[in-house]
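Visitor: Sending over a structure as structure tokens; questions will come in a sec.
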Amino acid sequence: MIERPNELSDEVLMMRYQTGDHSALALLVKRHKTPMFNFFLRQLRDRNLAEDMVQDLFVKLVRKAGTFKHESRFTTWAYTVARNLCIDQLRKLSLRRHRSLDARTTPDGPTLGERVADDRPEAEADRSAVSADIATRVTRAVEDLPAEQREVFLLRQQAGVPFKEIARITGVSENTAKSRMRYALERLQTALAEYEDYARALR
């Protein structure tokens, strides 16, 4: 059977890297750099800083590669390091940064107002305006979550980390991790409740 490196588990790839297979690390970076970037972005609220942190993370993982245990899950190990980097960075920032209502989702992208103002048919424009507004509100609602709830939400929803692993990463019980997720979802539901009827009417 022909071996397909892309189908190998994270743990097998990490073990291969430990034995000198640098292509295994390249696959791990390719596989996890986007989820890690999104995790850092939602925690730190700064795209440039998030990009820097992804680089810092993989440099740190390379330096700590010898500490990875074969019986461990790669994501638990990697997100534990990522979480610690976030905590250190947030301490430095002292939580001074806040997203602007006119923030661009990409460096050269349009603001919410620019995306809404167009000459498309009214119904289509309404749908797009609501979608853009909801996306912006979701982003802000996630950022407004208490830090403990936000990190569990991001690990579960964006990174797909199981609750058992989230508990290990955050140093709490699995039930506590699930409770934080439930509270986060309740807060998000409340924050977005006003859009439910309007969005349904446009479908």
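Visitor: Give the residue that is modelled with the lowest pLDDT, with candidates limited to residues of region 1-28 that are in a helix (DSSP H, G or I) and surrounded by fewer than 16 Cβ atoms within 10 Å (Cβ to Cβ).
Guide: Pro5
Visitor: Answer yes if at least one residue in region 28-41 is over 20 Å from the mean Cα position of the chain (by Cα) and among the hydroxyl-bearing types (Ser, Thr, Tyr), and no otherwise.
Guide: No, region 28-41 contains no residue that is over 20 Å from the mean Cα position of the chain (by Cα) and among the hydroxyl-bearing types (Ser, Thr, Tyr).
Visitor: Hey, can you tell me all the residues within region 137-170 that are closer than 19 Å to Thr75 by Cβ and β-branched (Val, Ile, Thr)?
Guide: Val152, Val161, Ile166, Ile169, Thr170
Visitor: Can I ask one more? Report the residue count in region 42-75 for those that are within 19 Å of the chain's Cα centre (by Cα) and part of a loop (DSSP other than H, G, I, E, B).
Guide: Qualifying residue count, region 42-75: 3.
The values are calculated or read from the model by the stated rules, or taken from the named source; none is laboratory data. Computed from a prediction, not measured in an experiment: that's the story for all the values here. No Cβ is skipped: glycine too gets one built from the backbone with ideal geometry, and neighbour counts run over all protein chains shown.
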